[in-house]
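**Q** Sending over a structure as structure tokens; questions will come in a sec.
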Amino acid sequence: MRAALVKEFGPPSNLVVEEVADLTAGPGEVLIEVAAVSINFPDILVVEGTYQNLPPRPFSPGKEAAGRIVAVGEGVTRLRVGQRVLALVEYGGYAEQITVPEDLVMELPDSMSYEAAAAFGLVYSTAYFGLLRRARMQAGETVLVTGAAGGVGSASVQVAKAWGGRVIALVHSEAKAELARSQGADIVLTSTPDTLRDDLLAATDGRGVDVAMDVLGGDYLTQIIRATAWEGRIIIVGFASGGQNPIKPGHLLVKNISVSGLQSSDYRDRDPVLMRSSMAEMFTLFEQGKLDAVVDTTFPLEKAADALQYVKDRQVKGKVVVTTGRG
């Protein structure tokens, strides 16, 4: 089989595609013929060697993989050969085959393509756990989503709307604003850190936002805190702006604001049953037309390095997917 491998840490161009030995399902595992895997920003950090959790080299990046089960190991009872599935993993998706513990695999709806499934996995679970579990978002609340034209952002806009939120989307430019509107955002802003606080207060009649899903951090987060409503909840998902500014406790204290971090893969590892049930809930909404994965473009496996660079250049609207031609 072919796999895209990290042999030496460095830029995306360091990723190489080579023939490697076929895999075999071990006890409790399924063997999946991978059709599609999406690019996530942490994959870039993995290739560069700056991510917080790095396996021994060589290895394949890739945090989810969509495809068909071609073999099951001893003790597998829930899944069977031939099923179309999505696997949520830490590494290994950039390959034509992957072995995955049965607990981390879920069956796909018939109407969901492999490309959509790959684009769905990590970002929609992040949106779900961030908004509904960490922030306890309620219908009717005002939700700010930063980076709303990206993978996590576009998923968060859709999840917030599906659960009855009023969404303010923050995007980098007018070129990305239309995507946020098409996902259901009620208000779209292109604010800089210098204008964000005033723009958010103007959009909420001075009250501030109830919930914020923030992928930007830095000066953006500083201003979001200043424009959060009483008992507001801020979920930190990333630091794409490049900064990790200190948080002033006084700003949180005077309005009873809560700030929480989120790494959705921890739910995968600590409570796979909860992860599968949350994904099943969102698959149902997908079938009802209330959620829909946003795929910007696809690359073949042999162009996986180019796909990573495309994401790193931050021109993506939604998700980038790598396909293998299998499945």
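The values are calculated or read from the model by the stated rules, or taken from the named source; none is laboratory data. Just so it is clear, the model here is predicted, and its values are computed rather than measured. Cβ: placed from backbone, ideal geometry, glycine included. Neighbour counts: every protein chain shown.
**Q** Quick check on my filter: what residues within region 199-237 are on the phi > 0 side of the Ramachandran plot and not acidic (D, E)? Write out each step before concluding.
**A** Going through region 199-237, the residues on the phi > 0 side of the Ramachandran plot turn out to be 205-206, 208, 217-218, 231.
Within region 199-237, G206, G208, G217, G218 meet the criteria.
**Q** Considering (1) in a loop (DSSP other than H, G, I, E, B); (2) at pLDDT 95 or above, say which one P55 fails and leave the rest.
**A** (2) is the only condition that P55 fails.
**Q** Can you confirm whether region 145-168 contains a residue that is modelled with pLDDT of 95 or more, in contact with a Phe, Trp or Tyr (Cβ under 8 Å, 6 or more places away or on another chain) and among the small types (G, A, S)?
**A** yes
**Q** Among the residues of region 104-126, is there at least one that is touching a Lys or Arg at 6+ places or on another chain (Cβ under 6 Å) and part of a loop (DSSP other than H, G, I, E, B)? Show your work before the answer.
**A** Here is the first cut: in region 104-126, the residues touching a Lys or Arg at 6+ places or on another chain (Cβ under 6 Å) are 106, 108, 119, 122.
With the extra rule that they be part of a loop (DSSP other than H, G, I, E, B), the set shrinks to 108.
Yes; the residues of region 104-126 include at least one that is touching a Lys or Arg at 6+ places or on another chain (Cβ under 6 Å) and part of a loop (DSSP other than H, G, I, E, B).
**Q** Let me ask something else about it. Out of everything in region 97-139 that is more than 24 Å from S154 (Cβ to Cβ) and surrounded by 22 or more Cβ atoms within 10 Å (Cβ to Cβ), what residue ends up being farthest from the chain's Cα centre (by Cα)?
**A** This residue is Q97.
**Q** A further question on this structure: Assuming K303 fulfils every condition listed in (1) surrounded by 13 or more Cβ atoms within 10 Å (Cβ to Cβ); (2) touching a helix residue (DSSP H, G or I) at 6+ places or on another chain (Cβ under 9 Å); (3) farther than 22 Å from G165 by Cβ apart from one, which condition is it?
**A** Here K303 clears every test but (2).
**Q** Within region 283-300, track down each residue that is surrounded by fewer than 20 Cβ atoms within 10 Å (Cβ to Cβ) and outside any strand (DSSP E or B).
**A** Once the filter is applied, which keeps residues that are surrounded by fewer than 20 Cβ atoms within 10 Å (Cβ to Cβ) and outside any strand (DSSP E or B), region 283-300 yields T284, L285, E287, Q288, G289, K290, D292.
**Q** While we're on this one: Is region 132-150 home to any residue that is assigned by TED's automatic domain parsing to the domain that holds F239 and in a helix (DSSP H, G or I)?
**A** Among the residues of region 132-150, not one is assigned by TED's automatic domain parsing to the domain that holds F239 and in a helix (DSSP H, G or I), which makes the answer no.
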